[in-house]
Amino acid sequence: MATGFYTHADCLRHEMGNWHPECPARLQAIEDQLIAGRIDALIERESPPLVDEADLLRVHTQAHIDHIRRAAPTEGYAAIDPDTSMNPHSLQAALRAAGAAVAATDAVIAGRFDNAFCSVRPPGHHAEPARAMGFCFFNNVAIAARHALDVHGLERVAVIDFDVHHGNGTEAAFSGDPRVLMCSIFQHPFYPYSGTENQAKNMVNVPIAARSKGDVVREAVDLLWLPRLHEFKPQMLFVSAGFDAHREDDLGNLGLVEDDYTWLTEQVRQIAARYANGRIVSCLEGGYNLSALGRSVVAHVKALAGL
């Protein structure tokens, strides 16, 4: 099975201060673990383009895009919200991250790869159509999913989100859209304090109590995600792959380990194999303990590649 691996040096140049957990070292930690696990030679590396504005506009408003462009500083930092800021390289990184998700979608649909992982930052799933927040500027997975629908003509896609935080931006983009089924787990109550009220029919949001371990998440997936996915029969799957639910990650309080991420990825692969010709595009979201992040991404990529 051929798995594409999309990353770019631009994604290392975005940083929000030495104190910030969403830091360039996250991607470096992934690279180190790929090498240590001897996985690097088994994936196909791709250098993504910048995203087209037309793709951004399928999810985000013109006013939002213009605001992010205007906010980009020429030096120092520009605050977007209390947790999110831009340096002079942040805009380029955000455009590159979204471009990776779109390019991976094109490649997987064209049959160049069976699936792909985008090792990019900034992350995206908190970015709403008209608002940047939670370390996110543009919603990479939502942009890629809408590209698959509107450009490639797919009729049904699924979004899987296993980040410790609810993907409020992705829900805002797709709530009520019958072409999209979103399945998510997230710690609750927890930032961004969303996902539990007024769910649209195409949302399968599963709040998980703090200190829960992998068995609780696996049961939720078995009982709540998988029946809906089999009913929906997606033609492609997109994954918001956050690894901050790992038991070693201090930004959350769940207890997942690498075996849980392998299991989750295998469930996604089985759905993709049955209904979607194996087509999956996965994009990095959270994960802030560097060692746990690197190990978890290796587990995820190995499972994508069937290794």
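The values are calculated or read from the model by the stated rules, or taken from the named source; none is laboratory data. Just so we're clear, the structure is a prediction, and the values are computed from it rather than from any experiment. Cβ sites come from the backbone with ideal geometry, for glycine too, and all protein chains shown count toward neighbours.
The residues in the stretch 249-265 that are among the acidic types (Asp, Glu), more than 16 Å from Ala220 (Cβ to Cβ) and out of contact with any Ser or Thr (no Cβ under 7 Å at 6 or more places or on another chain) can be counted, and the count is 3.
The one condition from (1) surrounded by fewer than 17 Cβ atoms within 10 Å (Cβ to Cβ); (2) on the phi < 0 side of the Ramachandran plot that Arg38 does not meet is (2). Inspect the stretch 125-139 for any residue being surrounded by 24 or more Cβ atoms within 10 Å (Cβ to Cβ), assigned to a strand (DSSP E or B) and touching a Pro at 6+ places or on another chain (Cβ under 8 Å) and give the result as yes or no. The answer is yes, given that some residue of the stretch 125-139 is surrounded by 24 or more Cβ atoms within 10 Å (Cβ to Cβ), assigned to a strand (DSSP E or B) and touching a Pro at 6+ places or on another chain (Cβ under 8 Å).
Residues are listed down the side, and each one gets a yes or a no for (1) among the charged types (D, E, K, R); (2) in contact with a strand residue (DSSP E or B) (Cβ under 8 Å, 6 or more places away or on another chain); (3) over 19 Å from Ala305 (Cα atoms):
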| site | (1), (2), (3) |
| --- | --- |
| Gly99 | no, no, yes |
| Thr105 | no, yes, no |
| Val108 | no, yes, no |
| Gly111 | no, no, no |
| Asp114 | yes, yes, no |
| Pro122 | no, yes, yes |
| His126 | no, yes, yes |
| Val151 | no, no, yes |
| Ile160 | no, yes, no |
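Every residue in the stretch 107-124 that is of a type outside the set (S, T, N, Q) and under 15 Å from Gln235 (Cβ atoms), please. Please lay out each step first, then the result.
Step one: list which residues in the stretch 107-124 are of a type outside the set (S, T, N, Q), which gives 107-114, 116-118, 120-124.
Residues satisfying the conditions are Val108, Ile109, Ala110, Gly111, Asp114.
When the stretch 183-202 is examined, which residues are found to be outside any loop (DSSP other than H, G, I, E, B) and in contact with a helix residue (DSSP H, G or I) (Cβ under 6 Å, 6 or more places away or on another chain)? Within the stretch 183-202, Cys183, Ile185 meet the criteria. Can you list the strands (runs of 3 or more DSSP E) found entirely within the stretch 203-307 that contain at least 1 residues being of a type in the set (Gly, Ala, Ser) and touching a residue at least 60 places away in the same chain (Cβ under 8 Å)? Filter on the stretch 203-307 gives 236-241, 280-284. Considering the stretch 153-182 alone, what residues qualify as being within 13 Å of the chain's Cα centre (by Cα), in a loop (DSSP other than H, G, I, E, B) and of a type in the set (Gly, Ala, Ser)? Selection gives Gly167 alone.
Looking across the stretch 1-28 at every residue that is more than 26 Å from Ala79 (Cβ to Cβ) and over 17 Å from the mean Cα position of the chain (by Cα), the one that is surrounded by the most Cβ atoms within 10 Å (Cβ to Cβ) is identified as Ala2. Quick check on this structure: which one of Asp32, Asp10, Asp40 is closer than 26 Å to Val298 by Cβ, among the charged types (D, E, K, R), at pLDDT below 95 and in contact with a helix residue (DSSP H, G or I) (Cβ under 7 Å, 6 or more places away or on another chain)? When all the criteria are applied, what remains is Asp40. Residues in the stretch 149-183 that are among the small types (Gly, Ala, Ser) and buried (at least 24 other Cβ atoms within 10 Å of the Cβ) were compared, and the one that is farthest from Ala79 (Cα to Cα) is Ala158. When the stretch 274-295 is filtered for residues that are more than 20 Å from Arg228 (Cα to Cα) and among the charged types (D, E, K, R), the ones remaining, listed by number, are Glu285, Arg295.
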